[in-house]
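A.B. asks: Just passing along the structure, written as structure tokens.
The values are calculated or read from the model by the stated rules, or taken from the named source; none is laboratory data. Predicted, not measured: the structure shown is a model, and the values here were computed from it. Cβ sites come from the backbone with ideal geometry, for glycine too, and all protein chains shown count toward neighbours. These area figures cover heavy atoms from the full protein model, side chains too; ligands, DNA and RNA do not enter into them. Shrake-Rupley method; radii C 1.70, N 1.55, O 1.52, S 1.80 Å.
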Amino acid sequence: AKADGRGTYRFFETGMDARAQARRLLEMDLRAALQRDEFEAYYQPIRDVASGRVVAFEALLRWNHPQRGLIAPIDFIPLAEETGLILQLGEFVLRSACTDAATWPDDVDLAVNLSPVQFKNPNLIASVTAALAVSGLDARRLELEITESVLLQNSEATLTTLHELRAMGVRISLDDFGTGYSSLSYLRSFPFDKIKIDRSFVSELATREDSMAIIRAVTGLGRSLGIVTTAEGVENDVQLELLRREGCTQAQGYLFSKPRPASDVAMMLNRPRLL
Ligand code: C2E
Ligand code: CA
Ligand code: CA
Ligand code: CA
């Protein structure tokens, strides 16, 4: 029994150790990957619902791991945020995406996701300014996507940053709308150009009356406040038709295309649908 007890204790200890070690390994791997240039921005088209035109692409980060293949952000962004590496990663995405977007037709905009850690960083404005200058991208073609969690923190500083970005000509989108603390007062207190309606509402659009009601309310709100509404995760024509009926401005999702490498942008611009 004594041996058993000790064995169990050791096992538990080793378990904790293994987890911490896996984290350290991933962190080292992340640092090395930054050096080795293993990160790449993929792009997903956003279409105007009424005309069907591609109005923007959202940059979505991918990690081309030499052994593990293509890794999605969910598997490394949280650790990158905890360790602060997200600042370098975010810098990379911003620069490479602005550089790519500068080669697109100039009526096609670029949307880039900002982590709350990046948003709080005092270097944000300088970093955005530099990315625009180096790439030559017009600030009016850049949209930065932030989530509601950013708005919970120090609202004075948040408001100042948002106003500075908008003074530069950059637009601000409220991402994943409806998933967080979603207070309607945010829409009044902070200057947003766009609301992105979370995928969870869109996926239940045809089957749940309440999802339909929420979409109707948000698009109506957008219309009366002069804020563009974008539906995320549009996967079929039924959803698209319902969104059109509600007057949602833009749609994004697998129905049009999955996120793809920069080399596929021309193809995504030319073909209405792509799997
Ligand atoms: P997000 O900003 O909400 O991005 C949309 C996510 O939904 C993307 O996942 C996209 O591939 C996926 N998606 C798009 N259309 C559909 C659809 O029709 N059906 C389904 N099921 N999914 C769809 P992805 O690329 O895995 O990114 C996940 C999250 O990681 C993003 O959510 C964003 O929060 C974060 N992320 C991605 N790239 C960056 C980045 O460069 N910086 C930061 N800070 N976060 C990023
Ligand atoms: Ca986003
Ligand atoms: Ca989103
Ligand atoms: Ca999301």
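A.B. asks: Give me a count of the residues in the range 71-117 that are of a type in the set (S, T, N, Q) and either touching a strand residue (DSSP E or B) at 6+ places or on another chain (Cβ under 7 Å) or modelled with pLDDT under 95 (or both).
C.D. replies: Within the range 71-117, residues that are of a type in the set (S, T, N, Q) and either touching a strand residue (DSSP E or B) at 6+ places or on another chain (Cβ under 7 Å) or modelled with pLDDT under 95 (or both) number 3.
A.B. asks: Scan the range 48-61 for residues that are under 18 Å from residue 142 (Cα atoms) and either of a type in the set (Phe, Trp, Tyr) or away from ligand 3 (no atom under 16 Å from the Cβ) (or both) and jot them down.
C.D. replies: 48, 53, 54, 55, 57, listed by residue number.
A.B. asks: Here's something else I'd like to know. Can you find even one residue in the range 210-217 that is within 19 Å of residue 144 (Cα to Cα) and among the hydroxyl-bearing types (Ser, Thr, Tyr)?
C.D. replies: Looking through the range 210-217, none of the residues is within 19 Å of residue 144 (Cα to Cα) and among the hydroxyl-bearing types (Ser, Thr, Tyr).
A.B. asks: Kindly indicate the residue of the range 145-184 that is closer than 14 Å to residue 227 by Cβ and more than 16 Å from ligand 4 (Cβ to nearest atom) and also farthest from the chain's Cα centre (by Cα) among those meeting that condition.
C.D. replies: The selected residue is 184.
A.B. asks: Name the single residue, out of those in the range 236-260 being under 18 Å from residue 209 (Cα atoms) and part of a loop (DSSP other than H, G, I, E, B), that is most open to solvent (accessible area, probe 1.4 Å).
C.D. replies: 236
A.B. asks: Keeping to the range 198-233, report how many residues are more than 18 Å from residue 109 (Cβ to Cβ) and within 15 Å of ligand 4 (Cβ to nearest atom).
C.D. replies: Residues meeting the conditions: 7.
A.B. asks: Also: Among the residues of the range 183-202, count how many are within 16 Å of ligand 2 (Cβ to nearest atom) and either out of contact with any Leu (no Cβ under 6 Å at 6 or more places or on another chain) or assigned to a helix (DSSP H, G or I) (or both).
C.D. replies: The qualifying residues number 9.
A.B. asks: If you don't mind, there's one more thing I want to ask. Of the numbered conditions (1) within 16 Å of ligand 1 (Cβ to nearest atom); (2) modelled with pLDDT of 95 or more, residue 164 fails exactly one; give the number of that condition.
C.D. replies: (1)
A.B. asks: Where in the range 19-93 are the strands (runs of 3 or more DSSP E), entirely inside, with at least 1 residues that are under 23 Å from residue 171 (Cα atoms) and either open to solvent by 30 Å² or more (accessible area, probe 1.4 Å) or out of contact with any Phe, Trp or Tyr (no Cβ under 7 Å at 6 or more places or on another chain) (or both)?
C.D. replies: Details: elements: 39-48, 54-65, 69-71.
Once the strands (runs of 3 or more DSSP E) in the range 19-93 are filtered for at least 1 residues that are under 23 Å from residue 171 (Cα atoms) and either open to solvent by 30 Å² or more (accessible area, probe 1.4 Å) or out of contact with any Phe, Trp or Tyr (no Cβ under 7 Å at 6 or more places or on another chain) (or both), what remains is 39-48, 54-65.
A.B. asks: Follow-up question, since we're still on this one. I'm checking my understanding of the structure. Among residues of the range 170-179 that are buried (at least 17 other Cβ atoms within 10 Å of the Cβ) and within 13 Å of ligand 2 (Cβ to nearest atom), which one is nearest to residue 127 (Cα to Cα)? Show your work before the answer.
C.D. replies: Of the residues in the range 170-179, the ones buried (at least 17 other Cβ atoms within 10 Å of the Cβ) are 170-178.
Those left that are additionally within 13 Å of ligand 2 (Cβ to nearest atom): 172-177.
Details: 172: 16, 173: 18, 174: 20, 175: 21, 176: 24, 177: 26 Å.
Checking each candidate, the answer is 172.
A.B. asks: In this structure, does residue 139 turn out to be open to solvent by less than 20 Å² (accessible area, probe 1.4 Å), away from ligand 3 (no atom under 16 Å from the Cβ), among the small types (Gly, Ala, Ser) and modelled with pLDDT of 95 or more? Explain how you work it out, then say what you get.
C.D. replies: Working: open to solvent by less than 20 Å² (accessible area, probe 1.4 Å): yes; away from ligand 3 (no atom under 16 Å from the Cβ): yes; among the small types (Gly, Ala, Ser): yes; modelled with pLDDT of 95 or more: yes.
Here the answer is yes, as residue 139 does meet what is asked.
A.B. asks: Go through the range 144-175 and count every residue that is within 16 Å of ligand 3 (Cβ to nearest atom), over 22 Å from residue 132 (Cβ atoms) and among the hydrophobic types (A, V, I, L, M, F, W, C).
C.D. replies: The qualifying residues number 1.
A.B. asks: Can you tell me which of (1) over 24 Å from residue 62 (Cα atoms); (2) within 14 Å of ligand 3 (Cβ to nearest atom); (3) in contact with a strand residue (DSSP E or B) (Cβ under 6 Å, 6 or more places away or on another chain) is the one residue 178 doesn't meet?
C.D. replies: (3)
A.B. asks: With respect to the numbered conditions (1) part of a helix (DSSP H, G or I); (2) touching a residue at least 40 places away in the same chain (Cβ under 8 Å), which one is the sole condition not fulfilled by residue 173?
C.D. replies: Answer for residue 173: the failing condition is (1).
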